[in-house]
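Bear in mind that the values in this text are calculations on the coordinates, not laboratory data. Please read all numbers here as calculations on a predicted model, not as lab measurements. Cβ sites come from the backbone with ideal geometry, for glycine too, and all protein chains shown count toward neighbours.
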Amino acid sequence: MSERRPLISGNWKMNLNHFEALRLVQELSYEISRDDVDAVDISVHPPFTDIRTVQTTLETDRIPFFLGAQNCHHESSGAFTGEVAPSMLAKLNVAYVIVGHSERRELFGETDEIVNAKVKAVLGAEMTPILCVGETLEEREAGEAESKVETQIRGSLARVKAEDVASLVIAYEPIWAIGTGRTASAEDAQAMCATVRAVVRDKWGDTAADEVRIQYGGSVKPVNAAELMTQPDIDGALVGGASLEAASFARIVQYRLHDL
Ligand code: PGA
């Protein structure tokens, strides 16, 4: 199995104005050590209005976090009022773009087809998509979690080349665990992340499956991060609520230091 570098990402959602964003990034830079960034890739995903401020702070203060975005449009320019193009994010040194978050799928009607177009657009702008997949509680209770996630992966990554699949990040986020305080057990999270990897292996082959990084997301906190992060098929975490406070996000990044 190849060595996959862990990636821990903070999805700030629609929280923090640019002053608050600046403060959080600075606080995080005090909490997170050189050893931490040697061991783990860290990305922060502020709202669009904060990205330029966060970029300037990261670059001026040489803070080694990757800059991320939460969404983008799939076209490169044009009459799409209110939308942001991938190339505009790339110009701000955005490295990772969350694509197909369940809130985008559920609240803004994003289908696998739209998500597929966004994945390709993000790759085309030389950024890395963090593709989100995950089942609802009803689907889990009906025994449909695996088939839902398989359909989302095949649809969202349709006609994406194996070498591109190898380079991207897939976040498995059970919808019932997002923002609810109800985390999937480490066993369930591992089983689903293993399913994600198996689907990638089946469709895109061994190299893509061994190299693709798979995050777990859904109520990740300092108390459960270590147990989740040490599962063999979990290579990172996509963190919502707990990423809004420097101390809690730093403790998640430092999961290696905490006893299981
Ligand atoms: P949460 O959000 O950590 O607040 O559950 C995770 C996410 O939606 O990415």
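Charged neighbours of Thr57, selected by a Cβ distance under 13 Å, balance to -2 (K, R count +1; D, E count -1). Full extension of the segment from Tyr30 to Arg159, taken as 0.36 nm per residue of separation minus the current Cα-Cα distance, would add 42.2 nm. For the pair Thr136 and Arg201, the difference between a 0.36 nm per residue extended length and the Cα-Cα distance amounts to 21.0 nm. Taking the Cα centre of segment 130-172 as origin and assigning +1 to Lys and Arg Cβ atoms and -1 to Asp and Glu Cβ atoms, the resulting dipole is close to 280 debye. Placing unit charges on each Cβ (+1 for Lys and Arg, -1 for Asp and Glu) gives segment 7-93 a dipole about its Cα centre, and among Gly10, Leu67, Val84 the Cα reaching farthest toward its positive end belongs to Val84. Tell me, which longest segment in the chain has none of the chymotrypsin sites (Phe, Trp or Tyr not before Pro) that fall in DSSP loops with at most 12 further Cβ atoms within 10 Å? Between the exposed loop sites, the longest stretch runs 109-260. With the cut-off at under 18 Å, measuring from each backbone N in segment 51-69 to a point 7 Å along the Cα-to-Cβ line of Phe108 picks out 51-52, 68-69.
Basic side chains Lys and Arg get +1 at the Cβ, acidic Asp and Glu get -1 at the Cβ, and with that the dipole of the chain about its Cα centre reaches some 520 debye. Of the beta bridges in segment 7-257, as assigned by DSSP with both residues counted there, near 0 percent are antiparallel.
Here the relative contact order of segment 7-257, from alpha carbon pairs under 8 Å that lie six or more residues apart, stands at 20 percent. Computing FRET efficiency as 1/(1 + (r/R0)^6) for Thr151 and Phe48, where r is the C-beta to C-beta distance and R0 is 41 Å, gives about 0.85. Where the centroid of each part is defined by its Cα atoms, how far is segment 90-165 from segment 14-78 in Å? Between the Cα centre of segment 90-165 and that of segment 14-78, the gap is 21 Å. For the chain, the 222 nm mean residue ellipticity estimated from helices alone, with every DSSP H stretch of n ≥ 4 adding -39500 (n - 2.57) and the total spread over all residues, rounds to -13500 deg cm²/dmol.
Assuming charge only on the beta carbon of Lys and Arg (+1) and of Asp and Glu (-1), the dipole of segment 15-84 about its Cα centre is about 200 debye to the nearest 20.
Short-range pairs are left out: with C-alpha atoms under 8 Å and at least six residues apart, the relative contact order of segment 1-107 is 25 percent. Of the Cα atoms belonging to the chain, the radius of gyration and Dmax stand at 17.0, 53 Å. Annotation for Ser76 and Glu59: the two label points, set 7 Å from Cα along the Cα-Cβ direction, are 2.2 nm apart.
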